[in-house]
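Below is one structure, written out as structure tokens, with a few remarks after it.
The values are calculated or read from the model by the stated rules, or taken from the named source; none is laboratory data. All values reported here derive from a predicted model rather than from experimental measurement. All Cβ positions, even for glycine, are placed from backbone atoms using ideal geometry, and neighbour counts span all protein chains on display.
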Amino acid sequence: MSAPSVLWLTVFFVVPTLLVVAISFHPAAPDGGIGKAWTLDTWRHISNPNYPAIVWRTLWISAATAASCVVLALPCAFAIARMQKKWRAIMAGLIMLPFWTSFVVRVFAWRLLLHPEGFLKHLLMTLHIAEPNTQLLYNSGAILLVSIYSFLPFAIMPIYAAAEKFDFSLLEAARDLGAKSFFAFRKVFIPGIRRGVVSATLMVFIPSVGSYVIPDLVGGKNSELIGNKIYQRTFPDRNLPHASALSAVMAIGVLVPLGFVALFLRRQDRCEAMRLADAGGTKQRGGAA
């Protein structure tokens, strides 16, 4: 039954990934193609001090985006799951409404909002929150803000899908036993939908790592992410081996967290199975007594 999925992943993920890694060990041809020789020069150039800074900036912005989106998505998904069924569909449609417009148009709209002469800057100055020299655009904060806005629906929908199946009577039982509302939300609701939370985290983190439109439009030259460098090496520079090496680094940055997540979920499932087995054994011994 899993053969089609394995075949799909092999053809469209494993093989292309291996080809990209192989290309990184070739030199760049003068015509913009790939040389036939094998070399490590590309990987030596990757050790340039600028690249670790770009990789680190990419990872922390992506992680901060994922964490912020999950924190914002949890109460939103909780509220939607508690609504009447007809209102759930309406709210889900409103959440997906921004996807009806172009992604580039939405990011460009944020560029206009964050512009030094834009509405948001004047509003913050009127409220004495910002100074005339405050820079809202072309920095890491602008990338983080626009990334959260852009990827928030990717966090809300999987958490909402998990929350819709959650048994809310467990929260009522926790409150009857003396738990505060927030404590019950944190200790009962969130663990009960942890797979939805993990899915939301990955669905935000992975595209954030490879994002290049957002940092290109609102980040500026001093806030480049690894996606911008891959685009630059692929098209303007026509250096495919260099772009392949950067893509391999980005893939490692995504696969390593995925591996930790898989181990965490496996450990959680094992602990849950052991807990259920212990509870079943205790019940059987009680029945026998």
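State which residue is nearest to Phe235 (Cα to Cα) when the search covers only the range 36-50 and only residues that are more than 32 Å from the chain's Cα centre (by Cα) and without any contact (Cβ under 8 Å) to a residue 12 or more places away in the chain.
Lys36
Find all pairs meeting these conditions: Cβ atoms under 8 angstrom apart; at least six residues apart or on different chains; first residue within the range 100-119 and of a type in the set (Lys, Arg) and assigned to a helix (DSSP H, G or I); second residue modelled with pLDDT of 90 or more and surrounded by 11 or more Cβ atoms within 10 Å (Cβ to Cβ).
Arg106/Tyr149; Arg106/Ser150; Arg111/Leu137; Arg111/Leu217; Arg111/Val218
Search the range 35-50 for residues being assigned to a helix (DSSP H, G or I) and among the β-branched types (Val, Ile, Thr), and hand back the single one that is nearest to Leu240 (Cα to Cα).
Thr42
Report, by residue number, each residue of the range 51-90 that is assigned to a helix (DSSP H, G or I), of a type outside the set (Gly, Ala, Ser) and free of Cβ contacts under 8 Å to residues at least 12 places away in the same chain.
Those that are assigned to a helix (DSSP H, G or I), of a type outside the set (Gly, Ala, Ser) and free of Cβ contacts under 8 Å to residues at least 12 places away in the same chain: Pro52, Trp56, Trp60, Val71, Pro75, Lys85, Lys86, Trp87, Ile90.
Kindly provide the set of residues from the range 30-55 that are within 30 Å of Asn222 (Cβ to Cβ), surrounded by 12 or more Cβ atoms within 10 Å (Cβ to Cβ) and hydrophobic (A, V, I, L, M, F, W, C), ordered by number.
Trp43, Ile46, Ile54, Val55
Is it the case that the range 130-143 has a residue that's aliphatic (A, V, I, L, M), in a helix (DSSP H, G or I), buried (at least 21 other Cβ atoms within 10 Å of the Cβ) and in contact (Cβ under 8 Å) with a residue 12 or more places away in the chain?
Scanning the range 130-143, I find at least one residue that is aliphatic (A, V, I, L, M), in a helix (DSSP H, G or I), buried (at least 21 other Cβ atoms within 10 Å of the Cβ) and in contact (Cβ under 8 Å) with a residue 12 or more places away in the chain, so the answer is yes.
Considering each of His128, His45, His122 in turn, give the residue that is at pLDDT below 90, of a type outside the set (Ser, Thr, Tyr) and on the phi > 0 side of the Ramachandran plot.
The match here is His128.
Can Met91 be described as exposed (fewer than 14 other Cβ atoms within 10 Å of the Cβ) and modelled with pLDDT of 90 or more?
no
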